[in-house]
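The next block holds one structure in the form of structure tokens; read it before the comments.
The values are calculated or read from the model by the stated rules, or taken from the named source; none is laboratory data. Keep in mind it's a predicted model, so treat the numbers as computed, not measured. Cβ sites come from the backbone with ideal geometry, for glycine too, and all protein chains shown count toward neighbours. Calculation scope for accessible area: heavy atoms of the full protein, side chains included, ligands and nucleic acids excluded. Shrake-Rupley method; radii C 1.70, N 1.55, O 1.52, S 1.80 Å.
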Amino acid sequence: MIVHNWGEVEYTNARQMMQAVHAQALKDKKNHLMLCSHPNIFTVGSDEKEHFGVETLQSDRGGSITCHTKGQNVYYFCFQVQKPALFYKKVLSAFESFFMKYLAEVKYNKKAAGFYIQNRKIASLGFRYSQGVSLHGVALNVNVDLIFHAQVNPCNLEGIVPTSLHNEGLMMSQELVNEKIICLLQRSFEDAV
């Protein structure tokens, strides 16, 4: 697995960078994981038709509305994918292992594609596949501005509110969270860095 640590990058720039890594993954047949965060922005999936009371940017991923801010770890995957369901299961396994160890109350909700503590959403997932390689990924709220996030319901789900690791009492840095997630992804995909 090749890890690209981009730091904070504008969402539109990250999309272009992800497309370049996707092209690289098509050539080198390796798994590429991109780590980053974005300045404040709301993105909407390609199928979303609803209008929101905030400015949004159209994305080519699935799903509804997603908020990105500083303090959120974004994991973009350009992985070799023969079976999307198996790929998704391996991604889930890594994140479920993280939550089981550090915040056991967090559960995955298949119908609402994300990780939750009751009605509080802590992580969103959204993928697309092109030519056997994945695109997009997981956004995990580590220490985000919950007031900004709360301007819309996460993923446009009624009764759902945003939360973060810090808000739930897990005071882990973004860097340490990344280290833990990378190790768990390596284990899940049996792919060394």
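Restricting attention to the range 60-71, and to residues there that are out of contact with any His (no Cβ under 6 Å at 6 or more places or on another chain) and closer than 26 Å to Ala23 by Cβ, which single residue is surrounded by the most Cβ atoms within 10 Å (Cβ to Cβ)?
Once the filter is applied, the top-ranked residue is Thr66.
For residues that are touching a strand residue (DSSP E or B) at 6+ places or on another chain (Cβ under 8 Å) and in a loop (DSSP other than H, G, I, E, B), scanning just the range 113-122, find the one that is least open to solvent (accessible area, probe 1.4 Å).
Ranking the qualifying residues of the range 113-122, first place goes to Ala113.
Sort out which residues of the range 69-89 are under 14 Å from the mean Cα position of the chain (by Cα) and either part of a helix (DSSP H, G or I) or under 20 Å from Tyr108 (Cα atoms) (or both), and write them in order of number.
Of everything in the range 69-89, those that are under 14 Å from the mean Cα position of the chain (by Cα) and either part of a helix (DSSP H, G or I) or under 20 Å from Tyr108 (Cα atoms) (or both) turn out to be Gln72, Asn73, Val74, Tyr75, Tyr76, Phe77, Tyr88.
Got a number for residues in the range 23-45 being part of a strand (DSSP E or B) and either of a type in the set (S, T, N, Q) or in contact (Cβ under 8 Å) with a residue 24 or more places away in the chain (or both)?
So the answer is 9.
Criterion first (modelled with pLDDT under 95, within 29 Å of Ala25 (Cβ to Cβ), surrounded by fewer than 17 Cβ atoms within 10 Å (Cβ to Cβ) and touching a strand residue (DSSP E or B) at 6+ places or on another chain (Cβ under 6 Å)) does Leu57 satisfy it?
yes
State which residue is nearest to Ser134 (Cα to Cα) when the search covers only the range 90-111 and only residues that are of a type in the set (Ser, Thr, Tyr), part of a helix (DSSP H, G or I) and under 17 Å from the mean Cα position of the chain (by Cα).
Ser93
Among the residues of the range 90-107, are any open to solvent by 60 Å² or more (accessible area, probe 1.4 Å) and either within 27 Å of Asp28 (Cβ to Cβ) or among the small types (Gly, Ala, Ser) (or both)?
Yes, because at least one residue in the range 90-107 is open to solvent by 60 Å² or more (accessible area, probe 1.4 Å) and either within 27 Å of Asp28 (Cβ to Cβ) or among the small types (Gly, Ala, Ser) (or both).
Pick from Leu125, Leu140, Leu157: which is at pLDDT below 95, crowded, with 20+ Cβ neighbours inside 10 Å and among the aliphatic types (A, V, I, L, M)?
Of Leu125, Leu140, Leu157, the one residue that is at pLDDT below 95, crowded, with 20+ Cβ neighbours inside 10 Å and among the aliphatic types (A, V, I, L, M) is Leu125.
Do the conditions hold for Asn31, that is, is it among the polar types (S, T, N, Q), surrounded by 12 or more Cβ atoms within 10 Å (Cβ to Cβ) and within 27 Å of Cys183 (Cβ to Cβ)?
For Asn31, the condition - among the polar types (S, T, N, Q), surrounded by 12 or more Cβ atoms within 10 Å (Cβ to Cβ) and within 27 Å of Cys183 (Cβ to Cβ) - is met.
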